[in-house]
1. In segment A:14-37, what count of residues is obtained for those that are outside any helix (DSSP H, G or I) and among the basic types (Lys, Arg)?
2. From the list A:Asp26, A:Asp48, A:Asp33, pick out the single residue that is of a type in the set (D, E, K, R) and at the interface with chain B (Cβ under 10 Å from one of its Cβ atoms).
3. Look at segment A:139-159 and say how many of its residues are surrounded by fewer than 20 Cβ atoms within 10 Å (Cβ to Cβ) and not in a helix (DSSP H, G or I).
4. From the set of residues in segment B:36-57 that are touching a residue at least 12 places away in the same chain (Cβ under 8 Å) and either in a loop (DSSP other than H, G, I, E, B) or more than 14 Å from every other protein chain (Cβ to nearest Cβ) (or both), which is surrounded by the fewest Cβ atoms within 10 Å (Cβ to Cβ)?
5. Please state which of the following conditions A:Thr210 fails to meet, knowing it meets all the rest: (1) open to solvent by less than 40 Å² (accessible area, probe 1.4 Å); (2) β-branched (Val, Ile, Thr); (3) within 18 Å of the chain's Cα centre (by Cα).
6. Take the conditions hydroxyl-bearing (Ser, Thr, Tyr) and part of a loop (DSSP other than H, G, I, E, B) and apply them to A:Tyr109. Does it pass?
7. Every residue in segment B:79-112 that is part of a helix (DSSP H, G or I), aromatic (Phe, Trp, Tyr) and within 22 Å of B:Arg159 (Cα to Cα), please.
Amino acid sequence: MRIGFNFTLGSTMGLVQRLIRERRIDYCELLIDNFLQVPPAQLAAAFDCPLGFHIMFSKFLESDVDYLEAMAERLHRHIEALQPLYVSDHIARFNHGGRQLYHLAEIDYDSEYRHVRDRVEYWQARLGQRLHLENYPSLLGGGRAAPEFFARLIRDTGAGLLFDVSNAICAQRNGVIAAEAWLPLIEAATHFHIAGYRESILAPKLTLDTHDAPLADDTLEFLARYRTHFDKPGATLTYERDDRFDEAEIDRDLAALRAIFPRLDDREHADAA
Amino acid sequence: MPPESVLPEPQWKDAELLDALLIPALQGNFPRDSAAFVRIDTSLRVYWHTLFDICPQLLELSGPDGLAIFRPFMAWAAQQQLSMNWAVYLWLCRWLQQSEFAARVDEELVFTLMAASVARWATGDRSADCGIVLSAAGHGDLLVGWKCHTPDGGRAIERVGLATPLPEPDEQFGYFTLPDFALDRFDGWQAVPR
């Protein structure tokens with residue numbers, strides 16, 4: 001299992017470079033659409049490690065084709081030049097009635113399948129790349145249908161699942177669906193996300209995927225319990241942090257992940273000992 | 001629109017709450033002790049923070065909870081079908097200037113809201129454009145926003161005064177975008193998007 005860290009904007013460059021230098025991470029995941037104005041050669045020179053690409057604002061389920069065509073062309077240049085470990089995007093709702101949702105919403109898995117499938121096929125074809133699609137941190141009961149929806153989508157389109165462990169734990173804590181419901185999909189997936197969460201301010205408390213807190217025990221326990229479902233050749237696990245960059249806390253979390261997924265050479269040393 | 005009768009808790013879907021996710025007045029249609037109410041609150045808080053964390057001076061007008069601005073502005077934004085894109089701060093400025101707070105909207109606040117708008121464009125726009133120039137009629141200086149263009153950089157905002165000023169926009173605000181990282185052209189002002 002390769003362990004990585006997300007990089008969304010320049011202010012955390014020092015942190016990311018230290019994590020690479022100290023071998024706390026094996027790769028870096030770029031929120032790539034933040035860097036489309038940066039020449040690929042500069043990005044390649046800046047990171048002494050493999051890269052993953054996470055697309056945030058293609059909004060490919062909703063955007064008009066002209067917008068997507070232009071974005072795909074620019075993404076394609078970066079994909080060609082940097083050969084990322086994977087390219088991922090989101091299954092979520094970014095707008096409603098032409099108005100932006102600042103907190104993304106969950107799609108309606110019961111009524112939107114055909115549209116989503118067609119858009120995934122289109123977007124994959126335009127990127128010339130297998131897409132890995134992230135599960136939503138369900139807050140309400142509609143998320144119960146998510147695993148079945150993703151299984152069908154992956155079967156029909158050849159896309160992959162970018163399984164966000166903590167999103168599934170959030171959904172479980174919100175009483176939507178047990179994280180174990182994703183196990184067959186986890187077994188087939190290669191790319192994973194993990195992050196901290198927080199509870200809502202109001203009660204009844206909901207668990208929110210906030211990316212600003214240390215990893216919770218239930219998240220790490222799930223990962224450890226089903227370690228063999230996750231660990232496989234080519235697998236990646238990105239630790240996401242978007243706020244409160246407490247470096248000691250981040251180091252501890254990365255060490256906890258490394259304890260669950262030792263490097264192959266570390267394991268060989270342990271076996272030899 | 002939210003259904004009239006309240007469904008048992010586990011049956012809610014996000015898709016049934018969409019209107020309420022950005023209209024505070026609709027939150028009251030849901031039981032206070034429901035997950036749906038909290039989910040809507042979670043969404044509305046992001047709008048609140050997007051306005052008041054970026055422009056904390058607004059709290060000096062509204063009071064510390066911001067609600068005297070937040071609730072009526074969000075209701076007006078829904079009525080006007082504002083897309084809540086990068087120009088949201090400019091529409092907030094326009095709303096403030098028509099509100100009970102009009103007398104307290106000074107030049108500094110106008111430039112703060114303009115800076116917030118170009119910053120939001122610079123981080124959120126996904127076109128091939130590199131920069132945006134924003135002008136307010138009667139306010140002289142321009143606000144310029146640049147997208148991130150180095151691996152360790154970020155978006156950059158500049159307030160620029162030109163020795164030879166550009167013509168003023170026809171409307172209260174006008175903007176144009178820049179295809180390169182150089183402020184070396186002026187193709188006329190565009191009206192800010194709703």
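1. 2
2. A:Asp33
3. 1
4. B:Gln57
5. Unmet condition: (1).
6. yes
7. The answer is B:Tyr89, B:Trp91, B:Phe111.
The rows are residues; the columns are (1) within 26 Å of B:Gly63 (Cα to Cα); (2) within 14 Å of chain A (Cβ to nearest Cβ); (3) modelled with pLDDT of 95 or more.
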| position | (1), (2), (3) |
| --- | --- |
| B:Ser99 | yes, no, yes |
| B:Leu113 | yes, no, yes |
| B:Ser135 | no, no, yes |
| B:Gly153 | no, yes, no |
| B:Val160 | no, no, no |
| B:Leu166 | no, no, no |
| B:Phe181 | no, yes, yes |
| B:Asp184 | no, no, no |
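The values are calculated or read from the model by the stated rules, or taken from the named source; none is laboratory data. Keep in mind it's a predicted model, so treat the numbers as computed, not measured. Here Cβ is always computed from backbone atoms with ideal geometry, including for glycine, and neighbour counts include all displayed protein chains. Only protein heavy atoms, including side chains, enter the accessible area calculation; ligands, DNA and RNA are left aside. Shrake-Rupley method; radii C 1.70, N 1.55, O 1.52, S 1.80 Å.
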